[in-house]
Each structure stands twice: as C-alpha cells, then as structure tokens.
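Here is the structure we will look at, set down as structure tokens.
The values are calculated or read from the model by the stated rules, or taken from the named source; none is laboratory data. What you see is a predicted model, and the numbers here were worked out from it, not measured in a lab. When we count neighbours, we look across all protein chains shown, and the Cβ atoms used for this are built from the backbone with ideal geometry, even at glycine. When the accessible area is computed, the model is the full protein with side chains, heavy atoms only, and any ligands, DNA or RNA have been set aside. Shrake-Rupley method; radii C 1.70, N 1.55, O 1.52, S 1.80 Å.
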Amino acid sequence: MSISIAQIAAALNARAEGNPEIRVIGASEPAQAGPDQIALAMDPKYAEGLARGKARAAVLWEGADWRAMGLEAAILVARPRLAMAGLSRAFDPGPEIAPGRHPTAIIDPSASIGEGAAIGPFVVIGRGVTIGPRARIASHVTIAEEASLGADALILQGARIGHHVQIGERFICHQNAVIGADGFSFVTEETSGVEEIRQTLGAREDVRAQGWIRIHSLGNVVIGDDVEVGAGSTLDRGTVRATTIGAGTKIDNLVHVGHNVQVGRDCLLCGQVGIAGSARIGDRVVLGGQCGVSDNIFVGDDVIAGGGTKIYTNAPAGRVLLGSPAVRMETQIEAQKNIRRLPRLFAQVAELRSVVEQLLDKGAAGNPVNIRKDEE
Amino acid sequence: MSISIAQIAAALNARAEGNPEIRVIGASEPAQAGPDQIALAMDPKYAEGLARGKARAAVLWEGADWRAMGLEAAILVARPRLAMAGLSRAFDPGPEIAPGRHPTAIIDPSASIGEGAAIGPFVVIGRGVTIGPRARIASHVTIAEEASLGADALILQGARIGHHVQIGERFICHQNAVIGADGFSFVTEETSGVEEIRQTLGAREDVRAQGWIRIHSLGNVVIGDDVEVGAGSTLDRGTVRATTIGAGTKIDNLVHVGHNVQVGRDCLLCGQVGIAGSARIGDRVVLGGQCGVSDNIFVGDDVIAGGGTKIYTNAPAGRVLLGSPAVRMETQIEAQKNIRRLPRLFAQVAELRSVVEQLLDKGAAGNPVNIRKDEE
Amino acid sequence: MSISIAQIAAALNARAEGNPEIRVIGASEPAQAGPDQIALAMDPKYAEGLARGKARAAVLWEGADWRAMGLEAAILVARPRLAMAGLSRAFDPGPEIAPGRHPTAIIDPSASIGEGAAIGPFVVIGRGVTIGPRARIASHVTIAEEASLGADALILQGARIGHHVQIGERFICHQNAVIGADGFSFVTEETSGVEEIRQTLGAREDVRAQGWIRIHSLGNVVIGDDVEVGAGSTLDRGTVRATTIGAGTKIDNLVHVGHNVQVGRDCLLCGQVGIAGSARIGDRVVLGGQCGVSDNIFVGDDVIAGGGTKIYTNAPAGRVLLGSPAVRMETQIEAQKNIRRLPRLFAQVAELRSVVEQLLDKGAAGNPVNIRKDEE
C-alpha cells in the first residue's frame, strides 16, 4: 500500500508543501526513516533526527523550514498528536482476519451474523448471539449466549464476551479481555467483620469464624458506542442491574471494573485501574494508571486522577486528584512538601523547647510554668 | 423458567405474605421491574422505585407495609444480602455448556472424566488428568498433565489449569484465569543488589552487572473445596512445596498469588490484590482491592485490610489495616488527619520562634539563650 | 527419571559426600521428603525438618554434619539459591508438548518453522511468521502475521504474540500473556484537561466536553534474548517506533508495559508492575510488585524500587526507591517514622504555646508580644 503526500495531507485536513506526488508506504521516527517513509517530526526537537534519516517528506510543526532540512515535501500541522491520529489510521492495515467464517469456527445456528463479518479460527459463538455487519472476530474468541455486538466490532484473540452482554457500535476489544465475568459478591450468615469495621472504622467486637455464601450475578454488561477495552481487562456483570460503560469510553490493559459499576461517557481508564463494585464514575473522567476507586462511591464528571491515586470517598465534579487517599492534586503536592520539611520542624521544636526551658530556668524559683520532660 | 412466590420464600427460608401463587421469571431492581419479575427492595430507600416499576411482588425489609405499596405479594427478609444469595442462585441458569464431550475437545485417553461432566469445544485435557463428576468445562480451557479437579467444578472459557495442580470440590474458575503458572524466581551468581539492600535497608556498596538464573518451579498448586478464582487471575506454583489455597477462599479478578504462598481458609482476596512469593495468609483474611503483601511475611487470621493497603511486615491476627505501609486503620486515619493539619503546625512553630525571639531580645544584653537563624 | 547424587553434585558444580550412587526421582522440602527424594535443607533452620522426613540424601549448607542427621549422602553448597537454580532445572521435565505439529494447528503456508519445533493443538500461526528451531508452542497460542521468534522459544497456553513482534532466543512466555497489544493512545481535537493539568499541576481553566480520537499503533515490540514474560502480562506495541525489552529481562505475572516503553537488559519487573507509555527503564532495574512508572520518564540503570513504589519523576542510576511518590528508601523510612511521631510533636507545640503564653502573661502589661489565638 502506498499513499501520496497529497492524500495524507487531505486525510489530516492539513496543508502540503513541495512535491505532493511523492508516495510513501509507512511512517517512521525521523532518524530511522527510509526514503519510502514519511518522517514524523512534529516538534523542533526532532529536526536533528531528520538530518540522520533518509526521508524525502515529513510531517512538521507549523512554520518549519522544510527546504532547509533537505526535504522535498512537507505537511505542516498545528496539533501534532491530532495529526498522529489521522496518520496512524491511514497507515494501519489492521489485523489480518480472513473474510467470511473460518471452517473451524463453531457458530450456533440461532446466532445472527451481520453482512461482511469475518470470523477467525476456533471462535465459538453461542445461542441467540447477534453480531452487527462488518464485525471482525479474531481466533479463539468466545461470544456466549444472547450477547449482542453492534456494527464494525473488532474482537481480538482470546477475548471472552459473556452471555447477554450488550455492546454498541465500533467496539474494539483487545486480546484476552473478559467482558461479563461474574461479580465478586459474597455474604456471611451473620454480620461479617468487613461490615462491622465499615461502621466502626476499624474497631471489632469479636472475631467469628464463618464462610462466604455466593451471590450470583443476574445482571449483564451494557456498553455504548465507540468503546475500547484493553488486553487482559475484566468487566464484571451486575448483580441484578447492568454494569454500564458509556459511549466513547476507552479502557486500557489489565483494568478491573467490578459488578454494578456505572462508567460514564468519554472516560479514560488507564492501565491496571481498579473500580470496586457499585461505584459510579461520571462523564469524561480520566483515571491514570493503577488508580483505585472504592465500592459504592461516586466520582463526578470531569474528574482527573493522577497515576496511583486511590479514591475512597465521593469526588465532586471537575476535581483534580492525586495520592492515597486521594486529595486535590495541589493539596497532595503541598502535603508531600510538608512531610519532607518535617525533620527541620522537629529540630526547631526541640530547639524551642530547650530555649524556653532556659528562659524558665532564668525566672524566679517557684516558677509555676514548666515543660514536661520528654519521656523518650 | 417460572417460579412462584411461595417457592422463592421457601428457598430463602423466609415468610411470604399475600398471594403466594404469583409466578415470576426473574428478579429486577424495583424501578425497572416488569409484572413477571420480583422486585428486590430490601431497604426502605428502594420504596420509591417500587412505585415507578410494575412488579406485582417484591422482596422487602422486615416490617414493610407491602399492601400500601400496591403489591399483591411480598417476601419479608431480615438480612437482605443473605436473601440475595438465595435469590440469585435460584434465578441463575448458569452458563450454557452442552452435556457430554464436544467432538472438538482433545482429551488424552489416560484422563479420567467423572460421570455427568460437560466438556466444551476446543478444550484440551492432558495425560493423567482426573476430573470429578458433574464438572462443567467451557470452551478453550486447558487442563495439563496429572492435574485433578474435584466434583462439580465449573471452569470457564480460556482458563488454564497447570500440570499436577490439585483442586477440591465445587471449584469455580472464571475466564482466562491461570492456575499453576511458573513462579517468578531468579538468582544471580553473586549476591545481588536486591539481597544487599534487604540487609541494609537501602545502602549499596557497589553496583555489579550480572544476569538472572532461573529457578524452575517443581511444586504445584493445591486448592481446597469451595474455592473460586476470578477472571484473569494468576496463581503460581511453588518452587519445591505447593502453593496452597484453603477451602472456602474466594479470589477476585486479576489477583496475583506468587509461588509458595499459603492462603488460609475462607479468605477474600479482592480485585488486583498481589501476594508476593512465600507469604503466608491466615484464615478468614480479607484483603481489599489492590492490596499488596510482601514476600516471606505472615498475615494473621482474621486480618482485614482496606483497599490499596500494602503490607510489608508481619500482621498479627485480627488486625484491621489501612495504608502504605499498612498500619492499624485508626492510626492511618489519624496520620492522614495529622498530615492535613501540618500547615497550621508550621505556622504555629514559626510564630513561636518569632515570639520567643522577641522575648529573648527583651532580656538583658549578653543573653546566652538564642535561636539559630533559619538557613532557608 | 532417576538421577544419582553424583550427577546432581556435578550439575551443581558442588561437592558430594557419602554414598554418591544413591538415586532420587525428585526434590522435596526436608520434612516431606521420601526416601527417593533429595531433601533441600540449605539453611540450618531446616535441620529439624530433616529428622521428620525420610530422605536418605540432602543438599545442605557448607559445613553441615550430615552424618549426625542420619543421612547417607549430602551435597554441600555455599550459595543455596544458586544451587536451587541448577537443581530445579535438573528435575523439571517441562511441559508436555508432543513433538511435531498437532493436526488441529493452523499454520499459514508462508510461515517458516524451525527444525524440531513442537506445536500444540488449536495453535494459529499467521502469514510470514518465523519460528526458530526447537520451539515449543503449547495449545491455543496465536502468533500473528510477520512475527518472529528465535530458537528454543517456549510459548505456553493461550499466549498471544502480535503481528510483526520480534523476539530473540530462549524466550519463555507464560499462559495468556499478550505481546504486542495496541497502545493506549488517544487525542482530543482541542487541548484536553489532562494536557492542561500537566502544565499547571492541578489547575483547570474550564472543563470542555470532547471525545477521544484513537492513535493507532504502527510500531511493534522488539524483545532480546533470554527474556521471560509472566502469565497474563501485556506488552503494548509502540506508536511509530518499537516498544523494546532488553536481553535477559524477566517479567512476572500481570505486568503492564505501555506503548513505546524501552526496558533495558537484565531487569526484573515483579508482579503487577505497570509502566506507562514512553517511559525508559535502564539496565538491571528491579521493580518490586505493584510498582508504577509514569509516562515519559527515565529510570536509571541499577535502580531498585521496593514493592508498591510509584515513580513519578526521573530516577538517577543506582537509586534505591520506596514509597509513593518514590523517594530514596531511607528517606521514605525516615518520613514514615516522622509521621508516626507527629502526635507527640503536636502535643509539644501545644504545650510550648501554653508555656510561652504564660511567660508573656507574666511580662509587663502592654507587652507587645503575643500569640494568635487558635481559631479552631
């Protein structure tokens, strides 16, 4: 597949300069680019790499002097990451999944498969499943009974779509992800220690031996349009109602979404995020890698949490959070600074104590003011 | 499948009032309930939802006035979550795995498969495997050589049971979980930097380049009765002895249990918990989501750790833990409060220093008492 | 398979004493050892277990008096963990993967499979794949188009090797790991809230609704020789360049390595570590379980981070880190100690305030020195 500079510029809705007829077969970092690749150098810091590479054309920052860099053509962009989105889409051939149904795929006769769907080897599709047109389903995928997938789904190797899961259009599910696993929900005959300390914040009357009784998950998972789920992530079904993921939300690898969780629209959940059961996440929430959200709490619209933040209590809309427990980002940065300053504070207080003690000693005998001796 | 209110009440060991002959086909949250569903409204806060839904019958809290809510029948329960366990079991049809052995399953002739087992498509069962009666094994599962599974096992899609793993009765293993992966155990020719800083708590003499030599895992994993392992979780085999999981323990999604770890009975390990090699976890321990346990330490019976707690040192039985490093929950809450109060403390100390300095200035010239000037 | 004490000693490059002709079929912890097993008791603390077990021979620490322990033979080692590496390799029969190609494996005719490779059931190997000699590929593995694997690879059940991924010799990939998933990279039309707070460290001008546009991953993953990847781990491909893992690096279970990340040689990434996009990790870096590394930062050679450490900023070579945010291990330990001492500090300051106030009261009326009253 080769593509001209003019075509790329059109795809990016950007301006081409120089020879628009140069054709390339791929994109590259500037220093590694060959003559049949377009170099990606959207920031002046990459200019030096261009000199080392062999590209004839490049995507450059607005105002770049491409002729001085020895290029024959250039595409100039104002917002480089946005240009990357268009460029990468243009050059991505996508996974190779042969059209039609592979003869080893096991598809229940009651399943409805949309036109133009490609279904790979060793796929298992259960009773009553509905799959939209143009779906691409790679090898070893399972889609269990009564699940439905909208148009243009891309389901990669080994992904598991559970029974009755409902998914919108243009869904992308990466390798070995699990949508619709059972929720983790158990109960004890009597009040458990966990229930007790939630009331008392740590105090326990006595400890009783008792076993866990399983609460089955009767709900499903409902996912909006344009959602993406990363490799190895797990989304649990709800207990009675559905676990829901709003349209446009993107989920990274190894993320855990518990039962009954409601995630809003256009959220980003980065790698290894964990959201405990029945938490509600608003729209456009961004949770950095390894963030955690406690069960049954609410995270408001537009909250952004830095990597590793653990959210234990409700977070109001628009809040920027950091740390464990999560507090406002600036509060957290201030707290860390304060902790670093503690050694000096300890020294100052010790000195004050000594000075004040000397002041007291200088006072009259029988001075009723005194400082308790440190027992340490 | 329809079921009468009387049957549900009997299953829950609870009291039905009104018309016990009403039949339902499922359960629902109150506001979404249709006339053929039983509404679940075990708390007065759900009463309002009942008015919006169309349920004719509901499960209600003890003492609820169901007639005033326009219902025709009600089941009254004292402990709602316990009722949910019974209800959800009654309504869960379970995964659809056809009885018998799917023709595409590859089962070693030496394997012993119990009566009534259902084995799905593309399953691979190795040499000398023993599977108990009534096991249900979904598609794409592998069970490697010499592994054994007790009666009534449910193994879901893509789960991997490693060689020689021994599992008790009623085991539930969710999608893509891995039981019996190799342990992560490596050694260097000479003392490694990691070994050195464990001794010195951070100090290193010098840094040496050296490679890692693999320690193979010869042990297996031994799992008691009534254990459940969540989607994508990984349990490593022991180096020489077994990694063990006690009866009744429930493990959530994406949990990592390292080699040689011993987990006791009736524990709950929530989502994304990680337990490093050779740690020992007592009975009835509850670790909230994303907790971590260091290698080679001991966590006593009945310990409960809040989400995100990192346990670096032995924890005595019954302790309620929070934070990183883990301390008693009330100590952690107090510490967080103290950190929030630091800005005022800094201000108070600064003021004290200034006041005391002024006091000193008022003293006689030649006053030997003084405060060191802040070098900042 | 039985092996003599003399053979074991030779494999360990260690000294045998007593009867070197005793043959064993496996290794065991001392207390559980049978007469046909060699007991592993490389530390005096295991001596007591030997008395309870039935071993005739043992691997013991240097200088141990094996005759007094009732043994007939002993192998004496100076560095026990190193001995374990040799011992465990000698006794590990490895997974049972039948030689040749299983008839159910689907191998593209254009793929090049090295001599002596064993390929299990339901494996799918794509167009243009290259697999080195003696590779062992277990059931349900997928290797996508144009990927290449060096000699002696061991790929376990359900692992996914993505298209164009390049892997060196002696690669070990555990169950359900995913090498070469798409990177998690999205962009908004206008500057997003995340971009804004990275500049301002928390402040946001206003919150705008906007969707995420996908940046496709055009790069691949390039992995050196002697690398191991644990069960369920995910390594994302680069956006334009490759994600790289240096030779000799070992990765544990459920580890997430983001797009464009560069990991050096001989690193250890323990369970559930997460490395965000475009981070660079030096050589011989050890990250304990559940560590996190922010995107776009650099972690120098020989850094060691304790479990749960979150690295937000560049870390210089050789640094030993702990905590969140990561600081030097001794600084972290000191900070925790200081936080524990805060209650006393608060008490001391309160007392000082009261004492100084009394001192002031004793001064003349009209004293200009005073302490602000606590507003709390």
Boolean, B:Ile371 is open to solvent by less than 30 Å² (accessible area, probe 1.4 Å), at pLDDT below 95 and at the interface with another protein chain (Cβ under 7 Å from one of its Cβ atoms): yes
Residues of region C:347-365 that turn out to be in a helix (DSSP H, G or I) and more than 7 Å from chain B (Cβ to nearest Cβ), as a count: 11
Within region A:48-79, considering residues that are at pLDDT 90 or above and among the charged types (D, E, K, R), the one farthest from A:Val24 (Cα to Cα): A:Asp65
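Looking at B:Gly230, B:Gly211, B:Gly238, can you tell me which residue is surrounded by fewer than 22 Cβ atoms within 10 Å (Cβ to Cβ) and not basic (Lys, Arg)?
On the way: B:Gly230 fails: surrounded by fewer than 22 Cβ atoms within 10 Å (Cβ to Cβ); B:Gly238 fails: surrounded by fewer than 22 Cβ atoms within 10 Å (Cβ to Cβ).
Checking each option against the conditions leaves just B:Gly211.
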Filtered residue count, region C:243-284, keeping only those that are under 19 Å from B:Trp212 (Cβ atoms) and hydroxyl-bearing (Ser, Thr, Tyr): 2
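Can you tell which of A:Arg127, A:Arg160 is under 17 Å from B:Ile97 (Cβ atoms) and either touching a Leu at 6+ places or on another chain (Cβ under 9 Å) or away from chain B (no Cβ under 12 Å) (or both)? Don't jump to the end; show me each part of the working.
On the way: A:Arg127 fails: either touching a Leu at 6+ places or on another chain (Cβ under 9 Å) or away from chain B (no Cβ under 12 Å) (or both).
Residue meeting the stated conditions: A:Arg160.
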Those residues of region C:172-194 which are surrounded by 15 or more Cβ atoms within 10 Å (Cβ to Cβ), within 7 Å of another protein chain (Cβ to nearest Cβ) and either in contact with a His (Cβ under 7 Å, 6 or more places away or on another chain) or assigned to a loop (DSSP other than H, G, I, E, B) (or both), in sequence order: C:His174, C:Gln175, C:Asn176, C:Ala181, C:Asp182, C:Phe184
Subset of region A:316-346 (residues that are part of a loop (DSSP other than H, G, I, E, B), more than 7 Å from chain C (Cβ to nearest Cβ) and out of contact with any Ser or Thr (no Cβ under 7 Å at 6 or more places or on another chain)): A:Pro316, A:Ala317, A:Arg319, A:Pro325, A:Arg341
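Only one of A:Ile197, A:Ile213, A:Ile245 is away from chain B (no Cβ under 11 Å) and of a type in the set (A, V, I, L, M); which?
Numbers: A:Ile197 fails: away from chain B (no Cβ under 11 Å); A:Ile213 fails: away from chain B (no Cβ under 11 Å).
Step by step, each of A:Ile197, A:Ile213, A:Ile245 is checked, and only A:Ile245 is away from chain B (no Cβ under 11 Å) and of a type in the set (A, V, I, L, M).
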Verdict on B:Ala203 being of a type in the set (Gly, Ala, Ser), more than 7 Å from every other protein chain (Cβ to nearest Cβ) and surrounded by fewer than 20 Cβ atoms within 10 Å (Cβ to Cβ): yes
So C:Ile143, is it within 14 Å of chain B (Cβ to nearest Cβ) and under 18 Å from C:Gly168 (Cβ atoms): no
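Out of region C:125-170, which residues are outside any loop (DSSP other than H, G, I, E, B), of a type outside the set (Val, Ile, Thr), surrounded by 24 or more Cβ atoms within 10 Å (Cβ to Cβ) and out of contact with any His (no Cβ under 9 Å at 6 or more places or on another chain)? Break it down into steps so the answer makes sense when it comes.
Of the residues in region C:125-170, the ones outside any loop (DSSP other than H, G, I, E, B) are C:125, C:130-131, C:136-137, C:142-143, C:148-149, C:154-155, C:160-161, C:166-167.
Cutting the leftovers down to of a type outside the set (Val, Ile, Thr) gives us C:136, C:148-149, C:154, C:160, C:166.
Subsequent filtering for residues that are surrounded by 24 or more Cβ atoms within 10 Å (Cβ to Cβ) retains C:149, C:160.
Scanning region C:125-170 gives a single hit, C:Leu149.
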Pick from region C:290-315, criterion touching a Lys or Arg at 6+ places or on another chain (Cβ under 6 Å) and within 7 Å of another protein chain (Cβ to nearest Cβ), ranking: modelled with the lowest pLDDT: C:Asp302
Breaking point among (1) within 8 Å of chain B (Cβ to nearest Cβ); (2) open to solvent by 10 Å² or more (accessible area, probe 1.4 Å); (3) touching a strand residue (DSSP E or B) at 6+ places or on another chain (Cβ under 6 Å), for C:Gln262: (1)
Breaking point among (1) touching a Phe, Trp or Tyr at 6+ places or on another chain (Cβ under 7 Å); (2) free of Cβ contacts under 8 Å to residues at least 60 places away in the same chain, for C:Asn19: (1)
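Just to be sure before I move on: is A:Gly224 over 22 Å from B:Asp252 (Cα atoms) and facing chain B (nearest Cβ under 8 Å) in the structure I sent? Before the answer, list the steps.
Numbers: over 22 Å from B:Asp252 (Cα atoms): yes; facing chain B (nearest Cβ under 8 Å): no.
In short, no.
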Residues satisfying the stated conditions in region A:102-116, i.e. within 14 Å of chain C (Cβ to nearest Cβ) and not in a loop (DSSP other than H, G, I, E, B): A:Ile106
